[in-house]
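A short reminder: the numbers here are calculations on the coordinates, not readings from a lab. Model, not experiment: these values are computed from the prediction. Heads up, the Cβs are rebuilt from the backbone with ideal geometry, glycines too, and the neighbour counts pull from every protein chain shown.
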Amino acid sequence: MTHVAPEHPAYLWHNHHLLNWEDATGHLTDNWWASVGAVFEGIRGYLNEAEGETYIFRLDAHLARLSNSMRLMRMDCDSFPQDELRQATCELVRANGVAGDVYIMPLAYATGGRSFGAVGERVTNLFITSRPTTSTLGQEDHSLRAGFSSWTRIGDRSMPPRVKAIANYRNSQLASHEAALNGYDTALLLNHEGKVAEGPGSCVFFARDGRLFTPDLTSGILESITRDSVIQIARHVLGIAVEERPVDRTEAYLADEAFFCGTAAEVTPISSIDHYDLKAGAPGPITRELRQLYHGLVRGVNHHFPEWRAPVGLTGQPLAATRTATRVPW
Ligand SMILES: Cc1ncc(COP(=O)(O)O)c(C=O)c1O
């Protein structure tokens, strides 16, 4: 039997250094409590073909949320300043030399010390990966059938929903598996108050009578960067009113249109919820317009909000994919 090596990028970044993928190893036992407390980000970079440049969408906002997540987990944020992480991310994308869209994941984890030991006993570590990815933006017929989960979205009394902690995603997995087994494409979760929270890995918006509404930030949702972008695009580019407030389950059924949003989800139309077909179809007119605008914005084809796009610096630079150093000091 021939062994086929898994495809992986040439480089990743770990604790201040760019490393060959194969050299990024850790001790097996670090995999234990380190994952329970780990926090991460999911970030996308989009290629602008005409410019030959990849733009990382809202990199600073993602790094700020990573820092908040680390702070909440009592990790050492000062060892990984935002400037260093911003440069490291761009350098990594350049080094991996991908002429296409990328998905970037920084992950911070603590090692050492006892399982419930003193905070100071632990060492904070951080790695960043970047991989080629694909986008569904531009696919007209992409939509999802959602069903409300019997699992309740984690709440602030027990887990921190507003930050991106790995442990939170056990809740998301349970809801996703249940939705798939019940024949849905994805789940919607209610919070402990019985109000709509979000999807397993995305926020949710509804449109009714020309207005948008979405669960507010105290509804047990992640402080989503795409949600914030959609709100700003709707208000400032489309001139559509957006309400951020508790949302009832039956409001979801009676909405004209609905969509998920998130870095991975982008802007994804919802066609039905618990088998109630949404009245305006998928995508409805507001969702379609937002999706098109979002697509233009992330690629830098639409020039609104230039501060949201960080160029990785591919233009005019020789790609560093041929670099041979095994450990490049930062
Ligand atoms: C649980 C959850 N909610 C919402 C989102 C959307 O967040 P963002 O727009 O920052 O990617 C995500 C995506 O990462 C998520 O995992």
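Of all the criteria given as (1) among the small types (Gly, Ala, Ser); (2) on the phi < 0 side of the Ramachandran plot; (3) surrounded by fewer than 14 Cβ atoms within 10 Å (Cβ to Cβ), the one not satisfied by residue 219 is (3). Got at least one residue in region 266-274 being on the phi > 0 side of the Ramachandran plot, within 14 Å of the ligand (Cβ to nearest atom), part of a strand (DSSP E or B) and in contact (Cβ under 8 Å) with a residue 60 or more places away in the chain? Checking region 266-274: at least one residue is on the phi > 0 side of the Ramachandran plot, within 14 Å of the ligand (Cβ to nearest atom), part of a strand (DSSP E or B) and in contact (Cβ under 8 Å) with a residue 60 or more places away in the chain.
I'd like to verify a number: residues in region 60-76 that are without any contact (Cβ under 8 Å) to a residue 40 or more places away in the chain and over 17 Å from the mean Cα position of the chain (by Cα), how many? Counting residues in region 60-76 that are without any contact (Cβ under 8 Å) to a residue 40 or more places away in the chain and over 17 Å from the mean Cα position of the chain (by Cα) gives 1. For region 142-219, the strands (runs of 3 or more DSSP E) that sit wholly inside it and include 1 or more residues that are in contact (Cβ under 8 Å) with a residue 40 or more places away in the chain and away from the ligand (no atom under 13 Å from the Cβ) are 144-152, 186-190, 203-208, 211-214. Per this entry, residue 60 is not counted among residues that are touching a strand residue (DSSP E or B) at 6+ places or on another chain (Cβ under 6 Å) and of a type in the set (Asp, Glu). I'd like to verify a number: residues in region 243-261 that are within 21 Å of residue 61 (Cα to Cα) and either more than 9 Å from the ligand (Cβ to nearest atom) or surrounded by fewer than 21 Cβ atoms within 10 Å (Cβ to Cβ) (or both), how many? Residues meeting the conditions: 1.
How many of the residues making up region 225-265 are part of a strand (DSSP E or B), of a type outside the set (Gly, Ala, Ser) and within 25 Å of residue 150 (Cα to Cα)? Before the answer, list the steps.
Within region 225-265, the subset part of a strand (DSSP E or B) is 242-244, 257-262.
This time we only want the ones that are of a type outside the set (Gly, Ala, Ser), so: 242-244, 257, 259-261.
Restricting the remaining residues to those that are within 25 Å of residue 150 (Cα to Cα) gives 244, 257, 259-261.
Qualifying residue count for the region: 5.
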